[in-house]
Amino acid sequence: MIEGNLTAKQDRYARLRAAGKSRTEAYRGAYCALRMSDVAVRVEAARLEQDPAVTLRIATLRKPRERAIKDAVDRSLNAHLRRLADLREGARKEGHWDAAIRAEINIGVACGHYPKNVNVRGSFDHRHQVHSEPVSDTLRWLEEQLEASGADSEAEKPLPH
């Protein structure tokens with residue numbers, strides 16, 4: 001028996017699954033399945049996937065890999081956010097408020113502060129007028145921050161409202 005009361009074959013199956021192999025690939029790699037039909041392999045692999053000890057072992061083996069992927073994504077996102085912040089500050093210093101606001105909005109999008117789809121509440125009347133609410137308080141907050149920092153006095157033209 002291997003870790004968690006698994007047989008050597010069950011452990012091999014779990015290692016192959018954690019490495020990204022499909023159920024049938026992992027089963028064929030761990031067990032002697034040369035004379036088994038594809039259906040039989042799928043059935044046996046499904047049984048292994050129902051074994052709590054096997055699924056726990058797969059999850060345990062996947063954790064370091066999943067953590068490494070998450071760390072890489074986090075590093076990539078942080079680098080992206082730093083570049084956007086640098087661009088925003090450069091645009092702000094040059095008085096390019098449209099570019100600064102676009103960079104700030106892109107930071108918000110990357111952080112998940114803006115919805116992917118905008119839902120407009122209200123109804124269309126016979127003149128096709130839409131009554132809607134602001135998409136996000138983030139843009140309002142951004143305008144308040146720029147006003148509080150004295151940005152309006154530095155810019156040649158006011159922020160759009």
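The values are calculated or read from the model by the stated rules, or taken from the named source; none is laboratory data. Note that the structure is predicted; figures quoted are calculated from it, not measured. In this analysis, Cβ positions are derived from the backbone assuming ideal geometry, glycine residues included, and neighbour counts consider all displayed protein chains.
Quick notes on this one:
- Residue 72 being among the small types (Gly, Ala, Ser), modelled with pLDDT under 95 and part of a helix (DSSP H, G or I): yes
- No other residue among 91, 79, 14, 18 is loosely packed, with under 15 Cβ neighbours inside 10 Å, of a type in the set (Gly, Ala, Ser) and at negative phi apart from 79.
- Search result, residues across segment 20-44 that are closer than 16 Å to residue 59 by Cα, without any contact (Cβ under 8 Å) to a residue 24 or more places away in the chain and either assigned to a helix (DSSP H, G or I) or not basic (Lys, Arg) (or both): 20, 22, 26
- Search result, residues across segment 45-57 that are part of a loop (DSSP other than H, G, I, E, B) and of a type in the set (Lys, Arg): none
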